[in-house]
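K.L.:
The structure that follows is given in the form of C-alpha cells.
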Amino acid sequence: MHSNRSVYSTAVATRQSHQRAQARRALCSLWLATGTAFVALQRLDEAGGAVAEALAAWPESPEALTMRGQLAAAEGQHVMALNEFHAAVALEANNIRAAVALACVEHELGRRDVALGLLKNITRAHGWCDPEAWYWLGRLEHELALECDSDARTQMLRRALKYSSYALELESSQPVRPFSILRP
C-alpha cells in the first residue's frame, strides 16, 4: 500500500525546521553579543536580561548557559554558577570556556583538587591550546606547591612555571580572530 505522503514535503519540512533552528541560534548569538557588551560596560542586570533572551531563543545553548554561570559567579552565587557550567559541559563536552569556568568556581569554593583535575584534563585534551586553562593550571599548581614539603615543592613550582610560561606563549601567538571561523 502506498502512502499519499510525498518525499518532497518531508524534505521541505526538514529544511524549514533546520532554517528555524539556524534562526534561533543566530538570535541567541545576537543576544549573547549584546550581553557581552553589557558585561564590558559593567551593567550586569542588562547582561542578565540579554542572556535570558538568548536562552529563550535557544534553551540548549552552551554559550548562553556559560555566560549565565559567569554572571552568577560574578554575583557570588557559586552554586548557581556550578549548575550552569555543569549544564553547559553536559550539552557540549568540548566547551573549554565552560569547563575552565567550572574549574575556577571549584577553586573559589576551596575544592582545589577538583579544579586541578578538571584543568589537567582540559589541557591534556581539547583545551591544549587554551591560554586561560594553562594560566589557571599554573596558578593552582603554584598555590598547592606553597603548601607542600620542600621535595615536592620544587617539582610543583617547576611545573607551575612551565604551565604559566606556556600560557604566555599561547596568549602571544593567538590570532586576532580564531581559525575556527574559517570554513570551506
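The values are calculated or read from the model by the stated rules, or taken from the named source; none is laboratory data. Worth saying up front: this structure is predicted, and the values here are computed from it rather than measured. FYI the Cβ positions are ideal-geometry reconstructions off the backbone, even for glycines, and counts take in every protein chain you see. Keep in mind that these areas ignore ligands, DNA and RNA; they rest on the heavy atoms of the full protein, side chains included. Shrake-Rupley method; radii C 1.70, N 1.55, O 1.52, S 1.80 Å.
K.L.:
Only one of these conditions is not met by A54: (1) in a helix (DSSP H, G or I); (2) under 25 Å from C129 (Cβ atoms); (3) of a type outside the set (D, E). Which number is it?
P.N.:
Result: A54 passes all but (2).
Yes/no matrix, rows are residues, columns are (1) at pLDDT 95 or above; (2) farther than 18 Å from I96 by Cα; (3) over 19 Å from the mean Cα position of the chain (by Cα); (4) among the charged types (D, E, K, R):
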residue: T123; (1), (2), (3), (4): yes, no, no, no
residue: W128; (1), (2), (3), (4): no, no, no, no
residue: A133; (1), (2), (3), (4): yes, no, no, no
residue: L140; (1), (2), (3), (4): yes, no, no, no
residue: C148; (1), (2), (3), (4): no, yes, yes, no
residue: A152; (1), (2), (3), (4): no, yes, yes, no
residue: A160; (1), (2), (3), (4): yes, yes, yes, no
residue: A167; (1), (2), (3), (4): yes, no, no, no
residue: E171; (1), (2), (3), (4): no, no, no, yes
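K.L.:
Now a separate question. In region 81-116, which residues are under 14 Å from the mean Cα position of the chain (by Cα) and of a type in the set (K, R)? Steps first, please.
P.N.:
Residues of region 81-116 under 14 Å from the mean Cα position of the chain (by Cα): 81-105.
Correct list: R97 only.
Here is a yes/no grid of residues against (1) open to solvent by 80 Å² or more (accessible area, probe 1.4 Å); (2) within 30 Å of R111 (Cα to Cα); (3) at pLDDT 95 or above:
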| residue | (1), (2), (3) |
| --- | --- |
| N4 | yes, no, no |
| S9 | no, no, no |
| T14 | yes, no, no |
| R20 | yes, no, no |
| E46 | no, no, yes |
| E53 | yes, no, yes |
| P62 | no, yes, yes |
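K.L.:
Test S164 against the criterion of being surrounded by 15 or more Cβ atoms within 10 Å (Cβ to Cβ) and among the polar types (S, T, N, Q), and give yes or no. Walk me through it before giving the result.
P.N.:
Working: surrounded by 15 or more Cβ atoms within 10 Å (Cβ to Cβ): yes; among the polar types (S, T, N, Q): yes.
Against the criterion (surrounded by 15 or more Cβ atoms within 10 Å (Cβ to Cβ) and among the polar types (S, T, N, Q)), S164 qualifies.
K.L.:
Taking the condition of being in contact (Cβ under 8 Å) with a residue 12 or more places away in the chain and among the charged types (D, E, K, R), how many residues in region 114-156 meet it?
P.N.:
Final tally of qualifying residues: 6.
K.L.:
Has region 92-115 got at least one residue that is open to solvent by less than 50 Å² (accessible area, probe 1.4 Å), more than 28 Å from R43 (Cβ to Cβ) and of a type in the set (G, A, S)?
P.N.:
Yes: one or more hits.
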